[in-house]
Amino acid sequence: MKKDFLSIYDLTKEEFQELIEIAIKFKKGEISDKPLSGKMIALIFQKPSLRTRVTFERAVYDLGGKGVYLSPQDIQLGKRESVKDVAKNLDNWTDGVVARVFHHGILLELAENSRHPVINALSDLEHPCQILADYMTMYEISGKFEVNLAYIGDGNNVANSLLAATAILGGKFTIATPYEYEPNGFIMKKALEMGAKVEIVRDPKEAVKDADFIYTDVWASMGQEAEREKRLKLFRPYQVNSELLKHAPEHVKVLHCLPAHRGEEITDEVLDGPQSVVLQESENRLHTEKAVLYKLFTR
Ligand code: CP
Ligand code: NVA
């Protein structure tokens, strides 16, 4: 694995699959190594978090290390002090950085200025740690990596990373989204160059017709609050609800990275219903965070 994990594209197919295999071993309690023994990991968060923060803190702890949480108020990345200066200082005292940032470029700058690993805990461009847990969940359920995934809604950071994952692992990625909200152009171009099977449609019913899994995420991501009203109107036809599930195969399961805006992108009856696997998915965040740390710190 490369020094840093900033993008799903940082992984080869073999590395991606190995991370999932390691995560499954962690879940079964088959790995008790402590590669972070005596090490400290800085957890920089420019945005709120429940799952990512807690699973990384727990993963660092279980692997023998200690995490230091740095909230937006603590360091005011790029405001109180330049990103480069923060990176070079942390590099002297800690052994790695997990960072959730507004702009993906901040991660690149942190990584450039750190000798130690930098891990993307969500940026405006990607959410690679989330996608490892998603693929672990889909693998546990279907027994395969080449799944037929239908993404309904905003072509955001989560959609970008899912698209990149399809390019690496195979399967098919179909997204139902309005024209202006398609996934990032660079991620899409690279996926197509890699031979990914990608389809962009406007009608959610068309997207789900052959799906093994349906995925959705909020219509306004963190940092897009000002666009919320506009987005609520525009994405209204893209809700994942029981009516939509009728158009999908019977075996379909529903994923959501959470937090969910219940009644917006997904209804209560679907999120809490028998086809939802969101709690398995969020549990797997812990095991996949451990797998990433394990791979990066076992050399
Ligand atoms: N899915 C996810 O990343 O959740 P948090 O924003 O709570 O970390
Ligand atoms: N797309 C969402 C994901 C949250 C985990 C956001 O960026 O806010």
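Entry remark, the stretch 45-68: residues being out of contact with any Lys or Arg (no Cβ under 7 Å at 6 or more places or on another chain) and closer than 18 Å to Leu110 by Cβ number 4 in total. Within the stretch 209-232, residues that are away from ligand 2 (no atom under 11 Å from the Cβ) sit with their Cβ atoms under 7 Å from residues that are assigned to a helix (DSSP H, G or I) and of a type in the set (Gly, Ala, Ser), at 6+ positions apart or across chains, in these pairs: Asp212/Ser142.
Conditions (1) without any contact (Cβ under 8 Å) to a residue 60 or more places away in the chain; (2) farther than 20 Å from Leu245 by Cβ; (3) not hydrophobic (A, V, I, L, M, F, W, C), marked per residue:
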{"position": "Asn113", "(1), (2), (3)": "yes, yes, yes"}
{"position": "Leu122", "(1), (2), (3)": "no, yes, no"}
{"position": "Tyr135", "(1), (2), (3)": "no, yes, yes"}
{"position": "Ala150", "(1), (2), (3)": "no, no, no"}
{"position": "Ala159", "(1), (2), (3)": "yes, no, no"}
{"position": "Ile175", "(1), (2), (3)": "yes, no, no"}
{"position": "Glu182", "(1), (2), (3)": "yes, yes, yes"}
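In the condition set (1) under 15 Å from the mean Cα position of the chain (by Cα); (2) in contact (Cβ under 8 Å) with a residue 60 or more places away in the chain, Phe235 is compliant with all but (1).
Of all the residues in the stretch 241-258, those that are away from ligand 1 (no atom under 16 Å from the Cβ) and surrounded by 15 or more Cβ atoms within 10 Å (Cβ to Cβ) number 7.
If you check Ile31 against the conditions, is it in a strand (DSSP E or B) and surrounded by 15 or more Cβ atoms within 10 Å (Cβ to Cβ)? First the steps, then the outcome.
Numbers: in a strand (DSSP E or B): no; surrounded by 15 or more Cβ atoms within 10 Å (Cβ to Cβ): yes.
No, not satisfied.
From the list Leu36, Leu108, Leu70, the lone residue that is buried (at least 23 other Cβ atoms within 10 Å of the Cβ), at pLDDT 95 or above and under 23 Å from Phe297 (Cα atoms) is Leu36. Considering the conditions (1) surrounded by fewer than 20 Cβ atoms within 10 Å (Cβ to Cβ); (2) among the aromatic types (Phe, Trp, Tyr); (3) assigned to a helix (DSSP H, G or I), Phe145 is excluded by exactly one of them, (3).
Scanning the stretch 259-299 for residues that are within 20 Å of Met136 (Cβ to Cβ), of a type in the set (Ser, Thr, Tyr) and either in contact with a Ser or Thr (Cβ under 7 Å, 6 or more places away or on another chain) or surrounded by fewer than 24 Cβ atoms within 10 Å (Cβ to Cβ) (or both) returns Ser276, Ser282, Tyr294, Thr298.
Pull up the stretch 109-140, narrow it to residues that are more than 13 Å from ligand 1 (Cβ to nearest atom), part of a helix (DSSP H, G or I) and not hydroxyl-bearing (Ser, Thr, Tyr), then point me to the one that is farthest from the chain's Cα centre (by Cα). Filtering the stretch 109-140 for residues that are more than 13 Å from ligand 1 (Cβ to nearest atom), part of a helix (DSSP H, G or I) and not hydroxyl-bearing (Ser, Thr, Tyr), the one farthest from the chain's Cα centre (by Cα) comes out as Glu112.
The one condition from (1) touching a strand residue (DSSP E or B) at 6+ places or on another chain (Cβ under 8 Å); (2) touching a residue at least 60 places away in the same chain (Cβ under 8 Å); (3) more than 22 Å from Ile24 (Cβ to Cβ) that Ala260 does not meet is (2).
The values are calculated or read from the model by the stated rules, or taken from the named source; none is laboratory data. As the structure is a prediction and not an experimental result, all values here were calculated from the model. Cβ: placed from backbone, ideal geometry, glycine included. Neighbour counts: every protein chain shown.
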